[in-house]
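Computed from the coordinates by the stated procedures, all read-outs in this text should not be read as laboratory data. These numbers were taken from a predicted model, which means no experiment stands behind them. So basically every Cβ, Gly included, is an ideal-geometry build from the backbone, and we count neighbours across all protein chains shown.
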């Protein structure tokens, strides 16, 4: 028991000294578990996040928009893969992670349970959803677990195009006809609040924040990054000439930040717990893709074995 | 029977003159497919001109418990560094 206590103290001292933890290092079980949960959830979000946008690939308004959206969705797949790999360094296997997504045991970002009703939604997702994700991920490039931090560096480098392509879509709509501008406003109306919810429950209600901060898995609290996001985004909305749907939103000179209205946490928990507009549809689509891809995975293995046998036979003859 | 594709570690040479560097891992049925997958996953933006893949189970790593035994002996050998040797400032190009 004494020994475990020592290990924990040494571990915390390394964290406090801002050392990175690598896969084979000793770590408390709870640290490992928290990371697996968080990284898997992050990976699942990238993968499920392809669905709302995939909805518009075939209906993008121009070839330029279409290739950009395709590239973005392909990036999300890549990001999911970096993250699954990072989770696997902690000793969990891929199949378990995927099963947990499909059975509902693992969560993913609740934002992806909202539908993409118009082309402007693709703009709003890039601008707001990717914008929010980037703020979180920039913080996570400094997370204490090495493989997670490295995955975040790659992801952040790639994501800034996502946000810019989204903003450009909205800018184009806002400079277009009245109807196009109305579409942009409608998208902002629907995506604003769910985007703020992406940062997770308020600090006072967040069950993981305190421990995660101590372990330096997180470096800022949910409310801190949410505020940072609001401060960065309000001027961008003003530039577009559309209105953020929050009557309480205003600059607070004394705080040096924007004040904003209360978040509807009932809605947040409803969506987290499976009752958002698209929860069932999203999981159904993932399960279907996985099941219908089973023959590809099996065929690839069979082909690999055949090729191996053939090479072995050829070597023998030679 | 369910069977995961094996795990591969991926190393990329970003340009000639530099070494291959570990970038992450991925699953693939065999080495050739691992290279094809690595192309899609790790080089979407011209990050490399050459890819190595090694099945993860073939890598032998030192253990963090060995850190002292392996690396401490180098700690007290300051005489392996050029700054250990005192030379007057007037001596140039050395």
* Computed log₁₀ I(q)/I(0) - Debye formula, equal Cα scatterers, no solvent, the protein assembly as shown, q 0.07, 0.09, 0.12 Å⁻¹ -> -0.42, -0.67, -1.08
* Just report the Cα centroid separation between the stretch A:201-273 and the stretch B:22-94, whole Å. => 40 Å
* Ignore the peptide's own chain and count Cβ atoms of other chains within 10 Å of each Cβ in B:34-43; give me the average, rounded. => 2
* Protection proxy ranking, peptides A:137-144, B:15-22, A:204-211, average beta carbon neighbours within 10 Å, highest first -> A:137-144, A:204-211, B:15-22
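Per-residue mean of other chain beta-carbon atoms within 10 angstrom of the beta-carbon, peptide A:304-310?
That average works out to 3.
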* Structure fact -> Residue span residue A:231 to residue A:63: 0.36 nm per residue of separation minus Cα-Cα distance leaves a gain in nm of 57.1 nm
* **With Cα atoms, 0 to 90° folded angle of helix B:31-42 axis to chain B main axis** => 70 degrees
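For the stretch B:1-59, would you read off the P(r) tail past 18 Å as a percentage of all alpha carbon pairs?
Details: 501 of 1711 pairs.
For the stretch B:1-59, the fraction of Cα-Cα distances above 18 Å is 29 percent.
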* To do: Could you check what % of the DSSP bridge pairs in the stretch B:1-59 are antiparallel, to the nearest 5?
  => 100 percent
* Asked: Over chain A, what relative contact order in percent results from Cα pairs under 8 Å that are six or more residues apart?
  -> 18 percent
* Structure fact -> Assertion target for A:3, A:308, ordered by fewest C-beta neighbours within 10 angstrom first, is A:3, A:308
* Asked: Looking only at other chains, what is the average number of their beta-carbon atoms within 10 angstrom of each beta-carbon in B:25-33?
  -> 6
* Structure fact -> Going fewest to most other Cβ atoms within 10 Å around each Cβ, B:91, A:129, A:234, A:287 line up as B:91, A:287, A:234, A:129
